[in-house]
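To start, the structure itself, in structure tokens.
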Amino acid sequence: MLARRIIPCLDVRDGKVVKGVKFRNHEIIGDIVPLAEQYALQGADELVFYDITASSDQRVVDKSWVSRIAEVIDIPFCVAGGIKSVADAGRILEMGADKISVNSPALENPELITQLHDTFGQQCVVVGIDSYFNEKSGQYEVYQFTGDEKRTQNTGRLTADWVAEVQQRGAGEIVLNCMNQDGVRQGYDIEQLTNIRQACSVPLIASGGAGEKHHFYDVFKQADVDGALAASVFHKGIIPIPELKDFLRAQGVVIRDDFRRKSA
Amino acid sequence: MATQKTVIINTGCANISSVKFAMQRLSDNVSVSEDVGEIQAADKIILPGVGSANAAMDSIQHKCLTACIQTLKQPVLGVCLGMQLMVTRSEEKAQQSQQDFTPCLDVIPGQVKRMQVGDLRLPHMGWNTVSPKNDLSIFRGIPAGTYFYFVHSFAVDVYEHTLASSEYGQSFSASLHKDNFFGVQFHPERSGDAGATLLENFLTL
């Protein structure tokens with residue numbers, strides 16, 4: 001059986017792992033490579049590295065950390081942030097990333113998704129969507145440039161419409177970040193994820209809101225997502241990954257069992 | 001193992017770094033090459049592959065490597081698309097192609113088809129359990145139920161050349177074997193210790 005994936009997300013800025021609350025007030029958590037190795041050892045199924053400064057800064061961002069990760073990590077990982085072109089994506093993939101994730105640049109130029117699909121194949125192309133519930137309109141709307149508070153803006157697109165379009169353009173996976181929940185550890189946005197699940201025929205990853213072990217159970221059981229992404233609960237050691245996986249297995253969720261090499 | 005030479009065939013598709021790094025963690029004699037002489041002289045050969053069957057076959061033909069690969073006598077391991085390229089033909093083809101399929105290397109009889117998974121999601125992406133036919137060759141020490149990392153939408157059905165099977169909406173070949181040709185549909189280079197064990201088994205064949 002295909003296992004549900006537990007995915008620690010490491011927000012990266014200037015080569016360091018950082019974490020903010022509701023996308024703000026970033027604090028440094030540590031160096032990328034040792035943190036990545038630690039997560040792989042603990043049983044993370046996949047890692048996501050979000051270069052949070054990249055999309056909102058004009059400068060060229062040093063991505064050499066991607067190959068440093070690829071040299072030591074033997075689980076899949078995805079790199080997000082600042083990928084604006086097929087050439088940008090190609091460089092990241094050549095350095096050893098398994099997937100690239102596009103967010104703001106895809107909103108500016110949706111054709112980018114199609115080009116990435118045609119060049120590298122659907123399996124490499126992840127689209128990240130920052131979705132915010134607008135209480136006035138009662139709708140979920142897509143935001144962009146969320147890495148920089150001053151530039152964060154509503155795109156005027158409804159989340160459901162964008163989810164449909166990115167699939168039609170060739171996205172191989174969607175990470176839905178529910179901004180209202182991000183960093184506050186009150187649980188994933190089950191209602192929104194359940195709705196999007198029904199309109200999503202590619203793998204769907206939940207992001208934003210994990211605070212307790214049962215939040216992971218809830219999102220797998222109720223929203224039927226393929227993976228659950230979280231940051232602060234892992235970085236701060238609030239939920240150790242082995243403990244989370246044992247808990248989910250005991251609840252009947254299909255979770256990967258560890259395999260330990262005999263020789264080495 | 002230091003004297004054994006492993007060559008990763010440079011098929012011209014992006015992302016062979018992760019395969020290269022995984023092999024370098026196990027052996028100090030690994031190179032990436034598209035040179036016929038160097039490939040023929042290797043003890044072990046990896047045929048990687050990311051992208052589409054038609055693009056990869058075009059690239060292999062363009063580099064004049066088709067006959068070279070077909071006539072290899074030493075152990076060859078095809079990974080993911082590299083495994084799919086080993087069979088006779090693939091349903092995965094260029095949209096503008098006149099043919100219904102892409103002719104592949106045909107070192108193992110068989111065909112690649114688009115997966116039929118009902119309501120399940122495609123690509124089949126993530127960690128899934130594998131059931132090897134026996135505890136030999138590349139699956140030595142890897143029990144049934146071991147998880148490996150998959151990313152694909154096309155697959156080979158279970159048949160006489162299946163070395164390990166897996167399930168996702170349908171049964172399919174997680175691994176193929178005929179003579180000196182081995183293939184795995186999953187990514188051993190991204191499958192943690194299980195993948196490293198399989199690659200080590202391949203190196204010690």
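Can you give the helix-only mean residue ellipticity at 222 nm for chain B, where every DSSP H stretch with n ≥ 4 adds -39500 (n - 2.57) and the sum goes over all residues, rounded to the nearest 500 deg cm²/dmol?
It lands at -5500 deg cm²/dmol.
If I model a spin label at B:T88 and A:N154 as a point 7 Å from the Cα along the Cα→Cβ vector, what separation in nanometres do I get?
5.9
Which value, in debye to the nearest 20, describes the size of the charge dipole of the protein assembly as shown about its Cα centre when Lys and Arg Cβ atoms bear +1, Asp and Glu Cβ atoms bear -1, and nothing else is charged?
440
Do any chymotrypsin sites (Phe, Trp or Tyr not before Pro) in segment B:92-172 lie in a DSSP loop with no more than 16 other beta carbon atoms within 10 Å, and if so, which?
Passing sites in segment B:92-172 are B:Y159.
Long-range amide H contacts for B:I8: which residues qualify at under 5 Å (H placed 1.01 Å from N, peptide plane, sequence gap of 5 or more or a different chain)?
Those lying under 5 Å, H to H, from B:I8 are B:S31, B:V32, B:S33, B:I46.
Which distance in Å, rounded to a whole number, links the C-alpha centroids of segment A:94-161 and segment B:115-178?
Spelled out, the Cα-based centre of one part sits 32 Å from the other.
Apply 1/(1 + (r/R0)^6) to the Cβ-Cβ distance of A:L41 and B:Q116, taking R0 = 45 Å, and write down the FRET efficiency to the nearest 0.05.
Values: r = 37 Å, r/R0 = 0.82.
Taking R0 as 45 Å, the efficiency between A:L41 and B:Q116 is 0.75.
Chains B and A: buried accessible surface, both sides, probe 1.4 Å, rounded to 100 Å²?
What B and A bury together is about 3100 Å².
Which translational diffusion coefficient, to the nearest whole µm²/s, is obtained for segment B:103-205 from the Stokes-Einstein equation, given a Kirkwood hydrodynamic radius over C-alpha pairs, 25 °C and 0.890 mPa s?
Taking Rh from Cα pairs, D becomes 178 µm²/s.
Given the Cα-Cα distance of A:R260 and A:S64 and 0.36 nm per residue of separation, how much length would full extension add, in nm?
Stretched out fully, the A:R260 to A:S64 stretch lengthens by 67.6 nm.
Give me log10 I(q)/I(0) at q = 0.12 Å⁻¹ for segment B:6-203, Debye formula, one equal scatterer per alpha-carbon, no solvent.
Each listed q maps to, in turn, -0.53.
For labels at B:N134 and B:S33 in the simple 7 Å Cα→Cβ model, what's the distance in nm?
Between B:N134 and B:S33, the simple spin-label model gives 3.2 nm.
Obtain the nm distance between the two label points defined at B:Q4 and B:D157 by a simple spin-label model: each point lies 7 Å from its Cα along the Cα-to-C-beta direction.
3.5
State the answer as a single residue: which of B:G82, B:Q170, B:L136 lies farthest towards the positive end of the charge dipole of segment B:6-203, with beta carbon charges of +1 for Lys and Arg and -1 for Asp and Glu, about the Cα centre.
B:Q170
Find which of A:N154, A:L93, A:L107 sits farthest along the positive direction of the dipole of segment A:67-190, computed with +1 on the beta-carbon of Lys and Arg, -1 on that of Asp and Glu, about the Cα centre.
Farthest along the dipole direction, towards plus: A:N154.
Output the antiparallel fraction of DSSP beta bridges having both residues in the protein assembly as shown, as a percent to the nearest 5.
Expressed as a percentage, antiparallel bridges in the protein assembly as shown total about 45.
Mind listing P(r) for segment A:85-224? All alpha-carbon pairs, 10 Å bins, whole percents.
12, 41, 35, 11, 0
Using the structure shown, select from A:K19/A:K84; A:K19/A:K63; A:K213/B:K20; A:K16/A:K150 the pairs with a Cα to Cα distance greater than 25 angstrom.
Values: A:K19/A:K84 23 Å; A:K19/A:K63 19 Å; A:K213/B:K20 37 Å; A:K16/A:K150 22 Å.
Long pairs (Cα-Cα over 25 Å): A:K213/B:K20.
Which of the GluC sites (Glu not before Pro) found in segment B:102-205 are loop residues per DSSP with 13 or fewer other Cβ atoms within 10 Å of their Cβ?
B:E160
Please report Rg over Rh for the protein assembly as shown, where both radii come from the alpha carbon positions and Rh follows the Kirkwood definition.
Here Rg/Rh amounts to 0.96.
The values are calculated or read from the model by the stated rules, or taken from the named source; none is laboratory data. Here the structure is a predicted model, which is why all the values come from computation and not from measurement. Here Cβ is always computed from backbone atoms with ideal geometry, including for glycine, and neighbour counts include all displayed protein chains. These accessible areas exclude ligands, DNA and RNA; they are computed on the full protein's heavy atoms, side chains included. Shrake-Rupley method; radii C 1.70, N 1.55, O 1.52, S 1.80 Å.
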